[in-house]
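I have placed the structure first, in the form of C-alpha cells, so that the comments after it can refer back to it.
The values are calculated or read from the model by the stated rules, or taken from the named source; none is laboratory data. Predicted, not measured: the structure shown is a model, and the values here were computed from it. Every residue, glycine as well, gets a Cβ built from its backbone with ideal geometry; the counts of neighbours run over all protein chains shown.
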Amino acid sequence: MKVLVCDKLADSAVQAMRDAGLEVVVKTGMTPEELVATVPGFHVAIVRSATKFRKPAIDAATDMKLIVRGGVGLDNIDVEYAEAKGIKVMNTPAASSASVAELALGFMFALARSIPQATASMKAGKWEKKQFEGIELAGKTLGVIGAGRIGAELIKRANALGMNCIFYRRTPTEVPGARQVPLEELLRTSDFISMHVPLTPETANMLSREQFAMMKDGVYIVHCGRGGTVDEEALLEALNSGKVAGAALDVFAEEPTNNMALVSHPNVICSPHIGAQTKEAQDRVGDEVASIVIEFAKAHAG
C-alpha cells in the first residue's frame, strides 16, 4: 500500500509505517496543482492543516482508499465528496486536546495580567507599573462554547484555578466540573468566553454583532477553535467600543491572516495557529496517524 505524506509528520510515525511494510513517500509543501499531479497511484494520503484536499485532488486520486487528517478539524478536506467516492476520511481528535487547552488557558492568564503588553513596554525601556493592573481568574465565570475533548480539558484546568465553569453544546452533555447552559445565558454571564467548535454552516460567524451585544461589558474572548466561527469584523467593533476588553486569537477566518487591523489592535494578543504545536502533541498525532494507517492496511491486505 502506497502512502503519501503531504504535511510534516513526526519521523517516528513515518518510520513506523515503513517498518510495517508500507511504501511511504513524504512530499510536503505542494501547491494544489502539484497535489493533483501527485496523488494518482497512492492508496492513503496524510494531511495536517496546510494541505487542502479538495474535489480536484479527490477526482485525481483514483486509487485512494483513505485520507487521514493529523489533527482535529476536517474543514481542509471535502469530506462528503471523498466519502461519496468511496474514500474513508479519519482524523486524530484526541491527540492534541491537552495542548490546545493549555494554550487557551495561557491566553487567559496573558489577557488577565496584560503579560504581552507589559513585556513590550519593558522592552521599550518603560516602567509602567500602574498601567498594568490586572484581574484574577479565580472566581470568574468561564463560558466554553463547544465542550468536546478540548473544552473539557480546559474546564478541568479552570476548575483547579477556582473558576466557575459553564458550557454550551447543542446536545445534552455531562462535563465534570461544569454546568450546561443555553447559549444566551453563557453570553450574558461569562467573564471569559472560549471558542471550541468546528467550522460548519451552522457555526460560521457563530459569534457576531448580535452575540457580542449580549455579553458583559469588559468580557474577554479566547479563540483556539476554528477560524470563521467568530465574525472578525464584529469582534473588532466590540474591541473598539470596549464591549470586549481583550481577545486572544490563535485561529483566523483566512490563514495566514491579512486582517492586520485586528491583529495589531492593542487589546489583541495572537499566535499563528499553534494550538497543537507542542512536542508532546506532535508525537501523539504522529503515533495515532501511523496506528490508523497500519491498522487500515492490515484490514485491506490483499
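Restricting attention to the stretch 58-70, the residues that are touching a strand residue (DSSP E or B) at 6+ places or on another chain (Cβ under 7 Å) and surrounded by fewer than 23 Cβ atoms within 10 Å (Cβ to Cβ) add up to 2.
I need a count of the residues in the stretch 236-251 that are acidic (Asp, Glu) and either closer than 18 Å to Leu105 by Cβ or assigned to a strand (DSSP E or B) (or both). Residues in the stretch 236-251 being acidic (Asp, Glu) and either closer than 18 Å to Leu105 by Cβ or assigned to a strand (DSSP E or B) (or both): 1 in total.
Have a look at Gly228, Gly218 and point out the one that is under 13 Å from the mean Cα position of the chain (by Cα) and at pLDDT 95 or above.
Only one candidate qualifies: Gly228.
Restricted to the stretch 8-56, and to residues there that are under 25 Å from Lys279 (Cβ atoms) and among the polar types (S, T, N, Q), the residue that is nearest to the chain's Cα centre (by Cα) is Ser49. Among residues of the stretch 23-49 that are at pLDDT 95 or above, those with a Cβ under 7 angstrom from a residue that is of a type in the set (Phe, Trp, Tyr) and in a strand (DSSP E or B), sequence gap 6+ or separate chain, pair up as Ala45/Phe53; Val47/Phe53. Condition (residue is β-branched (Val, Ile, Thr), within 15 Å of Ala281 (Cα to Cα) and part of a helix (DSSP H, G or I)) applied to the stretch 93-102: is it met by at least one residue? The answer is yes, given that some residue of the stretch 93-102 is β-branched (Val, Ile, Thr), within 15 Å of Ala281 (Cα to Cα) and part of a helix (DSSP H, G or I).
Lys55 - would you say it is closer than 29 Å to Arg169 by Cα, surrounded by fewer than 20 Cβ atoms within 10 Å (Cβ to Cβ) and of a type outside the set (A, V, I, L, M, F, W, C)?
On the way: closer than 29 Å to Arg169 by Cα: no; surrounded by fewer than 20 Cβ atoms within 10 Å (Cβ to Cβ): yes; of a type outside the set (A, V, I, L, M, F, W, C): yes.
In short, no.
Within the stretch 117-137, being within 19 Å of Ala248 (Cα to Cα) and surrounded by 11 or more Cβ atoms within 10 Å (Cβ to Cβ) holds for Gln117, Ala118, Thr119, Ala120, Ser121, Phe132, Gly134, Ile135, Glu136, Leu137.
Screening His265 against (1) at pLDDT 95 or above; (2) of a type outside the set (A, V, I, L, M, F, W, C); (3) within 21 Å of the chain's Cα centre (by Cα) leaves a single unmet condition, (3). Go over the candidates Asp59, Asp78 one by one and state the one that is free of Cβ contacts under 8 Å to residues at least 60 places away in the same chain, under 23 Å from the mean Cα position of the chain (by Cα) and outside the structural domain of Pro201 (by TED's automatic domain parsing). Just a single option satisfies the conditions, and that option is Asp78.
For the stretch 103-116, the candidate set comprises residues that are among the small types (Gly, Ala, Ser) and under 19 Å from His273 (Cα atoms); within that set, the residue that is surrounded by the most Cβ atoms within 10 Å (Cβ to Cβ) is Ala104.
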